[in-house]
Amino acid sequence: MDLKDLYQDVIVDHNRSPRNFRRIADASRTLEGFNPLCGDKLTLYLKLDGDRISDLSFEGSGCAISVASASLMTERVKGKTVREAEHLFDRMHDLLTRDNVNADLEPLGKLAVLSGVREYPSRVKCATLCWHTLKNVLEHPGNPPVSTE
Ligand code: ZN
């Protein structure tokens, strides 16, 4: 199975049944993100236990790519430290925005399938929205909502 088929499968699966799609009532931090180009909206809920992200979830509505990307992100980032999450942001940002087809995808695991989105430049912001929202909520708690514009 090549990356392109896998891309379709993973997007469809995570859009149909998004992981961690819920509100965290006692979240340490929450932040909204908006991608006006497509109309994707999400609210990220994050629970911190010291330096560790003990829980991460989201709610919202958007296209399949935005929902699947947020679902994959919460699945992957939950349980990581803030530093590890920021490192993943950098890797994902490179993966989605740079033409680095020879990059080592191995450490990204399932997240690597999102590289398929580079074939549709207008959808890149759909995939990066949740990551930008995460980075913002980690670095600047209390910020206004994130917009990809
Ligand atoms: Zn979208």
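The values are calculated or read from the model by the stated rules, or taken from the named source; none is laboratory data. All values reported here derive from a predicted model rather than from experimental measurement. With ideal geometry, Cβ positions are generated from the backbone for all residues, glycine too; neighbour counts draw on all protein chains shown. In case anyone asks, the SASA skips ligands and DNA or RNA and just uses the protein heavy atoms, side chains included. Shrake-Rupley method; radii C 1.70, N 1.55, O 1.52, S 1.80 Å.
Checking Leu56 against (1) in contact with a strand residue (DSSP E or B) (Cβ under 6 Å, 6 or more places away or on another chain); (2) within 16 Å of the ligand (Cβ to nearest atom), which test does it fail?
For Leu56, the failing item is (2).
Quick check: is even one residue across segment 117-128 of a type in the set (Asp, Glu) and in contact with a Leu (Cβ under 8 Å, 6 or more places away or on another chain)?
Initial filter on segment 117-128 (of a type in the set (Asp, Glu)): 119.
If we keep only those that are in contact with a Leu (Cβ under 8 Å, 6 or more places away or on another chain) too, we end up with none.
Within segment 117-128, none of the residues are of a type in the set (Asp, Glu) and in contact with a Leu (Cβ under 8 Å, 6 or more places away or on another chain).
With Asp94, Asp104 as the choices, which residue is assigned to a loop (DSSP other than H, G, I, E, B), free of Cβ contacts under 8 Å to residues at least 24 places away in the same chain and of a type in the set (Asp, Glu)?
Values: Asp94 fails: assigned to a loop (DSSP other than H, G, I, E, B).
The match here is Asp104.
Taking Leu72 as meeting all but one of (1) closer than 23 Å to Ala27 by Cβ; (2) open to solvent by less than 40 Å² (accessible area, probe 1.4 Å); (3) over 12 Å from the mean Cα position of the chain (by Cα); (4) within 16 Å of the ligand (Cβ to nearest atom), write down the number of the exception.
Checking Leu72 against (1) closer than 23 Å to Ala27 by Cβ; (2) open to solvent by less than 40 Å² (accessible area, probe 1.4 Å); (3) over 12 Å from the mean Cα position of the chain (by Cα); (4) within 16 Å of the ligand (Cβ to nearest atom), the one that fails is (3).
Can you confirm whether His140 is without any contact (Cβ under 8 Å) to a residue 12 or more places away in the chain, more than 16 Å from the ligand (Cβ to nearest atom) and farther than 17 Å from Val10 by Cβ?
So His140 fits the description; yes.
Considering only residues of segment 32-41 that are surrounded by fewer than 23 Cβ atoms within 10 Å (Cβ to Cβ) and in a strand (DSSP E or B), which is farthest from the ligand (Cβ to nearest atom)?
The residue in question is Glu32.
Can you find a residue that is polar (S, T, N, Q), at pLDDT below 85, open to solvent by less than 50 Å² (accessible area, probe 1.4 Å) and in contact with a helix residue (DSSP H, G or I) (Cβ under 6 Å, 6 or more places away or on another chain) anywhere in segment 126-145?
No, segment 126-145 has no match at all.
Only one of these conditions is not met by Glu149: (1) within 16 Å of the ligand (Cβ to nearest atom); (2) free of Cβ contacts under 8 Å to residues at least 40 places away in the same chain; (3) open to solvent by 80 Å² or more (accessible area, probe 1.4 Å). Which number is it?
Unmet condition: (2).
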